[in-house]
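Below is one structure, written out as structure tokens, with a few remarks after it.
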Amino acid sequence: MVVVAARPSVGKSSLARQIALHVALKQNEQVLFASLEVIGSTLALNFAQTIAGISLRAITPKTHPKDVQAIRDAAQRISSASLEVVAAGNVSLATMQARAEVLRARQTPPRLVVVDYIGLMPDATPARGENRAQSVGRVSRALKQFALRNDCVVMVLAQLNRDSERDERVPRIHDLRESGDIEQDADKIVLL
């Protein structure tokens with residue numbers, strides 16, 4: 001389990017999309033991308049602009065046809081890539097496991113699973129008698145078990161608390177928001 005953590009709007013999701021595209025397109029390995037922040041059509045457009053290197057904001061009626069074609073070509077590459085996307089506001093661990101089993105049945109088990117991001121998973125909602133840190137820790141352990149059970153890399157995006165920003169210092173592992181269990185479960189942690 002690899003954790004990529006940063007404050008909001010630093011680029012965690014963008015980095016995760018680029019890594020997922022590299023694994024799916026360049027290494028031709030199956031990727032399962034679970035987005036809890038962005039709906040499917042928007043995520044597809046984000047993938048397309050990443051491949052094309054053209055911001056969708058730059059597409060207007062006056063855009064050069066070559067740039068429009070580059071976006072279309074990128075969308076085509078995404079549709080044929082080994083990239084399974086689950087994009088909804090309520091992607092649960094059970095949903096991810098079901099998708100992984102479908103991919104395995106098709107003889108294309110996921111090699112990389114991206115979770116964008118752990119704090120939004122419905123499984124992280126505290127159960128009765130549980131606080132937020134405990135519920136996020138429970139999900140972190142479940143994602144680690146998911147990685148082991150499916151023999152794949154699970155990349156989990158996480159938020160950092162405001163301590164490093166307030167103290168004007170480089171973030172540290174203990175700045176992970178909501179759960180010290182995330183750092184215990186992670187094999188690698190990347191702080192942006």
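Computed values, structure above
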{"read-out": "Helix 93-105 vs. the chain, principal-axis angle (Cα, 0 to 90°, nearest 10)", "value": "50"}
{"read-out": "Relative contact order of the range 1-112, defined on C-alpha pairs under 8 angstrom at six or more residues apart (%)", "value": "38"}
{"read-out": "Antiparallel bridge percentage (DSSP; both residues within the chain; nearest 5)", "value": "5"}
{"read-out": "Helix-only [θ]222 nm of the chain, DSSP H runs n ≥ 4, -39500 (n - 2.57) each, per residue, nearest 500", "value": "-13000 deg cm²/dmol"}
{"read-out": "Convex hull volume of the range 1-142 per residue (C-alpha atoms, cubic angstrom)", "value": "116"}
{"read-out": "Rg/Rh (Cα only; Kirkwood hydrodynamic radius) as it applies to the range 84-182", "value": "1.03"}
{"read-out": "Folded to 0 to 90 degrees: helix 65-80 orientation relative to the chain principal axis, Cα", "value": "50"}
{"read-out": "Protein-only accessible surface order, largest first, of Val68, Val31 at 1.4 Å", "value": "Val68, Val31"}
{"read-out": "Among Leu32, Leu15, Leu157: highest mean-square fluctuation, GNM of the chain, C-alpha pairs under 10 Å", "value": "Leu15"}
{"read-out": "Listed residue (Pro126, Ile173, Ala44) projecting farthest to the positive dipole end of the chain, Cβ model", "value": "Ala44"}
{"read-out": "Pairwise FRET efficiency - Ile39 versus Asn131, Cβ, R0 = 25 Å, nearest 0.05", "value": "0.25"}
{"read-out": "Percent carbon-and-sulfur accessible area, the chain, ignoring ligands, DNA and RNA, probe 1.4 Å", "value": "50"}
{"read-out": "Solvent exposure of the range 67-187 as accessible area per residue, Å², 1.4 Å probe", "value": "52"}
{"read-out": "Where Cα atoms sit under 30 Å apart: lysine pairs in the chain separated by 8 or more or lying on different chains", "value": "8"}
{"read-out": "Length-normalised contact order for the range 85-152 - Cα pairs under 8 Å, 6+ apart - percent", "value": "33"}
{"read-out": "Helix 12-21 vs. the chain, principal-axis angle (Cα, 0 to 90°, nearest 10)", "value": "60"}
{"read-out": "Extension gain, His174 back to Arg72 (0.36 nm per residue minus Cα-Cα distance, nm)", "value": "32.4 nm"}
{"read-out": "For the chain, size of Cβ-based charge dipole, Lys and Arg +1, Asp and Glu -1, in debye", "value": "420"}
{"read-out": "Solution diffusion estimate, µm²/s, Stokes-Einstein, the range 1-64, Kirkwood Rh from C-alpha pairs, 20 °C, viscosity 1.002 mPa s", "value": "161"}
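The values are calculated or read from the model by the stated rules, or taken from the named source; none is laboratory data. All values derive from a computational prediction rather than experimental measurement. As a convention, Cβ positions derive from the backbone with ideal geometry for all residues, glycine included, and neighbour counts pool all protein chains shown. Calculation scope for accessible area: heavy atoms of the full protein, side chains included, ligands and nucleic acids excluded. Shrake-Rupley method; radii C 1.70, N 1.55, O 1.52, S 1.80 Å.
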